[in-house]
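Down below is the structure, laid out as structure tokens.
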Amino acid sequence: MKIQWLGHSCFRLTESTGTTILTDPYDKTVGEFMPKVTADAVTLSHHHGDHDCLDNVEGKPLIIDERGGYEVDGVDILSMLSYHDDKEGALRGENLVFKYRLDGVDVCHLGDIGETCSPMLLEAIGSVDVLLVPVGGKYTITAEEAKDFVEKIMPSIVVPMHYKTSDCNYDIAPVDDFTDLFDEENITYVEGDSIELDRTDFDGDFETKVFVFKR
């Protein structure tokens, strides 16, 4: 399977069969460039412009923006309710956490989660190979809270998202606030915008590795 980062919280997940899932496409307010892409399905963690903009999504994909279980051409998708803030949604509303299974690899996208990692949420998420986690704070969990999610979920790979880049207009923290919490030897700065993984990459016992896409 292939994980391509398109900026902000938007990833294009592609199974070896060719089935493609797009997460949280964003609008121009972010400041980053969102390319035109195709997808078989688009998952939306919540309805804010920087997470639900379909203008650059071509074709007629299935739009998933509700809690439940789905199957898209062999890719299993589970969405579960969480909150965009630490006040049970009173400040920014609800947020969907998505879990995908592609080529036997379990990928979890936390969306714009703002609540801490509770035992109930941890149980709902379950086992994860790759965790896509927001780290910029202010509108989401902070870098330290993101690290807590990593320590409790214990994925093999974690990919930070929703952080300040050179083009991002939002007043959020840079990715360094998150990576500084990890040992340097466990951090990989990705050349290009994508990584390819398969089930064998997760055989055996490993320390969590951080893969960083930088713009």
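The values are calculated or read from the model by the stated rules, or taken from the named source; none is laboratory data. Note that the structure is predicted; figures quoted are calculated from it, not measured. Don't worry about glycine lacking a Cβ; one is built from the backbone with ideal geometry, like all the others, and counts go over all protein chains shown. When the accessible area is computed, the model is the full protein with side chains, heavy atoms only, and any ligands, DNA or RNA have been set aside. Shrake-Rupley method; radii C 1.70, N 1.55, O 1.52, S 1.80 Å.
The table below gives the values:
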read-out: Accessible area (Å², 1.4 Å probe, nearest 10) - S194; value: 40 Å²
read-out: Value of relative contact order over the chain, rounded to a whole percent, pairs C-alpha under 8 Å and six or more apart; value: 16 percent
read-out: Dipole magnitude of segment 1-149 about its Cα centre (Cβ charges: Lys, Arg +1; Asp, Glu -1), debye to nearest 20; value: 280 debye
read-out: In segment 167-215, the GluC sites (Glu not before Pro) that fall in loop regions by DSSP, at most 12 other Cβ within 10 Å; value: E191, E207
read-out: Cα centroid separation, segment 177-208 to segment 132-147 (Å); value: 18 Å
read-out: Rounded FRET efficiency, nearest 0.05, which uses the C-beta distance separating S194 from K28 and R0 of 22 Å; value: 0.40
read-out: Sites S16 and N56, calculated FRET efficiency, Cβ-Cβ separation with R0 25 Å, nearest 0.05; value: 0.50
read-out: Those GluC sites (Glu not before Pro) in segment 22-118 that DSSP places in a loop and that have at most 16 other beta carbons within 10 Å; value: E66, E88
read-out: For segment 143-214, accessible area per residue (1.4 Å probe, heavy atoms of protein chains only), Å²; value: 55 Å²
read-out: Size descriptor, Kirkwood hydrodynamic radius, that averages inverse alpha-carbon separations across segment 111-185, Å; value: 12.6 Å
read-out: Linear extension gain, E123 paired with D103, 0.36 nm per residue minus alpha-carbon span; value: 4.9 nm
read-out: (1) 76, 40, 34; (2) 42, 41, 36; (3) 62, 44, 35, with the label sought being that of the calculated Cα extents along the principal axes in Å; value: (2)
read-out: Percent carbon-and-sulfur accessible area, the chain, ignoring ligands, DNA and RNA, probe 1.4 Å; value: 46 percent
